[in-house]
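Each remark here refers to the structure printed beneath this line.
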Amino acid sequence: MTSPAWDPQQYNRFERQRDRAAIDLLSHLPDDLDPHEIWDIGCGTGQHAALLKRRWPGAQVHGLDSSAAMLEQARGLPDDVRWVQGDLERWAPDAPVDLILANASLQWAPDHAALFRRLTQALAPGGVLAVQMPMAWETRHHTLMRQTAADGPWRERLSGVDTIQPLLAAEAYYDAVADLCEEVDIWTTAYLHVLEGEDAVLEWMKGTALRPYLTALCEDPASRDAFLTRLGQVLGEAFPQRP
């Protein structure tokens, strides 16, 4: 099956809302951190890697992403960042890293206990692993998306297609890395977004969670359009447009 494609324009349509969690995460980085080697894994269109370069101009900053389209947009930024196309699940740095940032990327990867441990082991002494992941699987709009995918003429094509999976319990992440770290800081925040425009929740989901489904239906445009129409109706009933 073709890998789900990323659309930078669709993803960045709600950039202000998507960016809130990343900025909150960056604000929690230690004040005395002085990194020389930085990796942003799953960097997307590169804004956060660029922010890290501006914050620590003397550091070597790398941005890793699997999407050529996302990296093409990132390369248009003026900041001196080394952009690398690759899979974060197989990524291994050539040298210990002082800061690894993973914003809204690791939720697409399997086996988090092993992954988080491997990333922590890639850190230099005093290094920081900073991760932000949306707790989206159990939300209302994701539940409706999965129900709609399983209930229609498109269900056979969408059966077995993986989208964002549920995260582990917080204590499982703690257990995965605590023996390797001086400190583990885990928190959750609920962000309540006011989205504007027609079918705003559907348009939000087109940028992320719907990508695997839309890729699976790419060779059947009629089913793709029918699925999106039905999902738009379901989401519109669940999230009616307000004044």
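The values are calculated or read from the model by the stated rules, or taken from the named source; none is laboratory data. Just so it is clear, the model here is predicted, and its values are computed rather than measured. Every residue, glycine as well, gets a Cβ built from its backbone with ideal geometry; the counts of neighbours run over all protein chains shown. These accessible areas exclude ligands, DNA and RNA; they are computed on the full protein's heavy atoms, side chains included. Shrake-Rupley method; radii C 1.70, N 1.55, O 1.52, S 1.80 Å.
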Exercise. Rounded to the nearest whole Å², what accessible area per residue is found for the chain with the 1.4 Å probe?
Worked result: 55
For this session: Scan around Val128 for amide H atoms under 5 Å from its own, H built in the peptide plane at 1.01 Å from N, and keep only partners 5 or more places away or cross-chain.
Result: Leu99, Ile100
Seminar exercise, completed: The set of residues whose placed amide H lies less than 5 Å from the amide H of Asp40, leaving out same-chain residues fewer than 5 positions away, is His62, Gly63, Leu64, Leu101
For this session: Report the FRET efficiency, 1/(1 + (r/R0)^6), for Leu33 and Gln85, where r is their Cβ-Cβ distance and R0 is 22 Å, rounded to 0.05.
Result: 0.20
For this session: Using Cα pairs closer than 8 Å and at least 6 residues apart in sequence, work out the relative contact order for the range 95-214, in percent.
Result: 29
For this session: Calculate how steeply helix 140-149 sits against the longest principal axis of the alpha-carbon atoms of the chain, using the helix alpha-carbon long axis, and give the answer as 0 to 90 degrees to the nearest 10.
Result: 60
Exercise. Top mean-square fluctuation among Val194, Val84, Val184, Gaussian network model of the chain, C-alpha springs under 10 Å?
Worked result: Val194
Exercise. So which trypsin sites (Lys or Arg not before Pro) in the range 83-124 are both in a DSSP loop and have at most 16 other Cβ atoms within 10 Å of their Cβ?
Worked result: Arg90
Seminar exercise, completed: Judged on accessible area alone, 1.4 Å probe, highest first, Arg157, Arg242, Arg224 line up as Arg242, Arg157, Arg224
Problem set entry | Given 14 as the ceiling on other Cβ atoms within 10 Å, longest exposed-site-free region of the chain for GluC sites (Glu not before Pro) in DSSP loops | 1-88
Exercise. Counting only protein heavy atoms, what percent of the accessible surface of the range 135-243 is carbon or sulfur at a 1.4 Å probe?
Worked result: 49
Problem set entry | Helix 112-121 vs. the chain, principal-axis angle (Cα, 0 to 90°, nearest 10) | 20
For this session: Would you tell me the accessible area of Cys181, worked out with a 1.4 angstrom probe on the heavy atoms of the protein chains, in Å² to the nearest 10?
Result: 50
